[in-house]
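First comes the structure, then the notes that go with it.
The values are calculated or read from the model by the stated rules, or taken from the named source; none is laboratory data. Note that the structure is a prediction, hence the values are computed from the model and not measured. Backbone-built Cβ (ideal geometry, glycine too); neighbour counts: all protein chains shown. With ligands, DNA and RNA removed, areas are computed over all heavy atoms of the protein, side chains included. Shrake-Rupley method; radii C 1.70, N 1.55, O 1.52, S 1.80 Å.
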Amino acid sequence: GGGGGGGGSAAGGGDRQHNLFNMLNQCRTAMGTRLLSQWIKQPLLSREQIVRRQNIVAAFYNNAALRHGTYDALKHIADIDRLTRRLVVNRASLQDLCTLYDFTCALPTLLQLLEAHSAGAATD
């Protein structure tokens with residue numbers, strides 16, 4: 001998966017080529033694309049939350065290893081939001097359960113990457 005897919009409808013209306021969503025969208029997963037759309041539609045109001053998000057974005061922007069490592073950890077992950085919805089309504093297939101297993105197997109790698117960055121940031 002990759003590229004964020006799906007066109008401009010995720011952020012709603014307007015010219016699909018020239019809007020804020022398409023300008024910002026470099027998401028690699030469907031989950032990321034939906035999250036970005038939500039962030040644009042429902043921006044943060046708290047200064048503290050805004051600064052926290054800016055710090056997280058800056059960490060990924062300034063650290064290529066963190067950015068690429070996170071991408072590598074997530075690139076084979078299916079759309080967990082949709083998968084969990086199928087689980088909640090008892091419509092999950094065996095393939096969905098295998099996908100969930102693959103996701104849980106990828107979590108330790110992702111956690112190690114984020115912890116390593118967090119430890120490195122604490123020593124800066």
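Could you check segment 76-90 and list, in sequence order, the residues that are in a loop (DSSP other than H, G, I, E, B) and open to solvent by 80 Å² or more (accessible area, probe 1.4 Å)?
Passing the criteria: 76, 89, 90.
Mind listing whichever residues of segment 39-78 are of a type outside the set (A, V, I, L, M, F, W, C) and within 21 Å of residue 106 (Cα to Cα)?
63, 67, 68, 69, 70, 71, 72, 75, 76
Only residues that are in a loop (DSSP other than H, G, I, E, B) and surrounded by fewer than 14 Cβ atoms within 10 Å (Cβ to Cβ): list them for segment 16-61, please.
16, 17, 18, 26, 42, 43, 44, 45, 46
Right, residue 102: modelled with pLDDT of 90 or more, over 14 Å from the mean Cα position of the chain (by Cα) and more than 19 Å from residue 34 (Cα to Cα) or not?
For residue 102, the condition - modelled with pLDDT of 90 or more, over 14 Å from the mean Cα position of the chain (by Cα) and more than 19 Å from residue 34 (Cα to Cα) - is not met.
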